[in-house]
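Working notes, structure below.
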Amino acid sequence: MFLAHGTSPQQTENEIALIDAAVRAGVSHIVKVSAMGPASKLHPFDWHMKIEAHLATYDIGYTVLRASTFVDILTRDAISVASGTWGGSSKEGRVNLVDTRDVADVAFKALLDNHHVDAQRAFHLTGPAAVTMTEIAEELTGLLDRKVTYEHRTPEAQREHLIQIGWTEMTANMRLGLERIFRESVLSETTDTYKMFTGQEPRSVANWLADNIDAFQPGRYALDARGRA
């Protein structure tokens, strides 16, 4: 069984319920998408810790894919990039973002692996290299043929900005938690998990940006004075 859940306050309850139901139904192996990171009170890391701990109480096979932060998170900043208001509190910390397509590729391989059905395994899944937000801005500058900058803000200023442009309290707090992780370079390691499973090199942040550059074009959005769509 493949287990993946969108980030939400119901994630822990829902995933645990699905695990319980799968065990009752006789499922022999579960492939779960989890989060790479430290033991933490920050969401969603603490949610995944609880789910993994529950999964470990069962004597069944499982493969836990502890993915680094998805590069797709940058789509949340597309409007800010387009309006020239992109920034945050990540400073020059490094993070090895992973493409969700790579996570899907590895999950597919793990689901079809008949040689480790009874094994209980966990893998860290990253992209090919860690980057800073400044480096991402430089990549966007080249792709968009216009200057893109990442404005360095304090966590307090970033929270105020996110709320101002329409983020909820929960999503703003979660973003600030991620930016703390980025700022401290907690997710900067590089693993070979993707190549081990697929025989290929993982997609880079530059690859993802090139494939999704239309989302960052200024003409895509009708923006108000605060940079909101």
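Taking helices (runs of 4 or more DSSP H) that fall entirely within segment 162-215, which contain at least 1 residues that are aromatic (Phe, Trp, Tyr), out of contact with any strand residue (DSSP E or B) (no Cβ under 9 Å at 6 or more places or on another chain) and under 17 Å from residue 67 (Cα atoms)? Before you say what the answer is, go through the steps one by one.
Working: elements: 169-183, 193-198, 205-211.
Of the helices (runs of 4 or more DSSP H) lying wholly inside segment 162-215, those with at least 1 residues that are aromatic (Phe, Trp, Tyr), out of contact with any strand residue (DSSP E or B) (no Cβ under 9 Å at 6 or more places or on another chain) and under 17 Å from residue 67 (Cα atoms) span 205-211.
Quick check, is residue 216 closer than 30 Å to residue 55 by Cα, among the aromatic types (Phe, Trp, Tyr) and modelled with pLDDT of 95 or more? Reasoning before the result, please.
Values: closer than 30 Å to residue 55 by Cα: no; among the aromatic types (Phe, Trp, Tyr): yes; modelled with pLDDT of 95 or more: yes.
No.
Within segment 99-119, restricting attention to residues that are more than 29 Å from residue 158 (Cβ to Cβ) and within 16 Å of the chain's Cα centre (by Cα), which residue is surrounded by the most Cβ atoms within 10 Å (Cβ to Cβ)?
Step one: filter segment 99-119 for residues more than 29 Å from residue 158 (Cβ to Cβ), giving 104-119.
Imposing the further condition that a residue be within 16 Å of the chain's Cα centre (by Cα) reduces the set to 104-107.
Details: 104: 14, 105: 18, 106: 23, 107: 21.
Ranking the candidates gives 106 first.
When segment 141-156 is examined, which residues are found to be touching a residue at least 12 places away in the same chain (Cβ under 8 Å) and either under 18 Å from residue 94 (Cα atoms) or part of a helix (DSSP H, G or I) (or both)?
Selection gives 143, 144, 149, 150, 151, 152, 153, 154, 155.
Give segment 2-36 a look and list any residue that's closer than 13 Å to residue 64 by Cβ and either of a type outside the set (D, E, K, R) or out of contact with any strand residue (DSSP E or B) (no Cβ under 7 Å at 6 or more places or on another chain) (or both), or say none.
Hits for segment 2-36 are 2, 3, 4, 19, 29, 30, 31, 33, 34, 35, 36.
Every residue, every condition in (1) out of contact with any Asp or Glu (no Cβ under 8 Å at 6 or more places or on another chain); (2) surrounded by 17 or more Cβ atoms within 10 Å (Cβ to Cβ); (3) among the basic types (Lys, Arg), yes or no:
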| site | (1), (2), (3) |
| --- | --- |
| 127 | no, yes, no |
| 146 | yes, no, yes |
| 150 | yes, yes, no |
| 157 | yes, no, no |
| 167 | yes, no, no |
| 171 | yes, no, no |
| 181 | yes, yes, no |
| 192 | yes, no, no |
| 205 | no, yes, no |
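Pairs please, first residue from segment 77-98 and in a loop (DSSP other than H, G, I, E, B) and surrounded by fewer than 22 Cβ atoms within 10 Å (Cβ to Cβ), second anywhere and at pLDDT below 95 and of a type outside the set (Lys, Arg), Cβ atoms under 8 Å, 6+ apart in sequence or on different chains.
84/227; 85/165; 85/227
Go through the residues of segment 112-128 one by one and say whether even a single one is of a type in the set (Val, Ile, Thr) and at pLDDT 95 or above. Reasoning before the result, please.
Initial filter on segment 112-128 (of a type in the set (Val, Ile, Thr)): 117, 126.
With at pLDDT 95 or above added as a condition, the list becomes 126.
Looking for residues that are of a type in the set (Val, Ile, Thr) and at pLDDT 95 or above, one finds at least one in segment 112-128, hence yes.
When you check residue 46 against the structure, is it within 18 Å of residue 8 (Cβ to Cβ) and free of Cβ contacts under 8 Å to residues at least 24 places away in the same chain, yes or no? Steps first, answer last, please.
On the way: within 18 Å of residue 8 (Cβ to Cβ): yes; free of Cβ contacts under 8 Å to residues at least 24 places away in the same chain: yes.
Yes, satisfied.
Exactly one condition in (1) in contact with a helix residue (DSSP H, G or I) (Cβ under 8 Å, 6 or more places away or on another chain); (2) of a type in the set (Lys, Arg); (3) at negative phi is false for residue 101; which is it?
(1)
Of everything in segment 37-60, what is outside any helix (DSSP H, G or I), at pLDDT 95 or above and not acidic (Asp, Glu)? Give them in sequence order.
Residues of segment 37-60 outside any helix (DSSP H, G or I): 37-44, 56-60.
In the following step, the residues that additionally are at pLDDT 95 or above were identified as 56-60.
Matches in segment 37-60: 56, 57, 58, 60.
Just a yes or no: is a residue in segment 168-176 modelled with pLDDT of 95 or more and more than 16 Å from residue 7 (Cβ to Cβ)?
no
Looking only at segment 110-128, how many residues end up being outside any loop (DSSP other than H, G, I, E, B) and under 15 Å from residue 61 (Cβ atoms)? Write out each step before concluding.
Pass one, segment 110-128, residues outside any loop (DSSP other than H, G, I, E, B): 110-111, 120-125.
Retained after the next criterion (residues that are under 15 Å from residue 61 (Cβ atoms)): 110-111, 120-123.
Number of matching residues: 6.
The values are calculated or read from the model by the stated rules, or taken from the named source; none is laboratory data. What you see is a predicted model; the values in this text were computed from it and never measured. We place every Cβ from the backbone using ideal geometry, glycine too, and count neighbours over all the protein chains shown.
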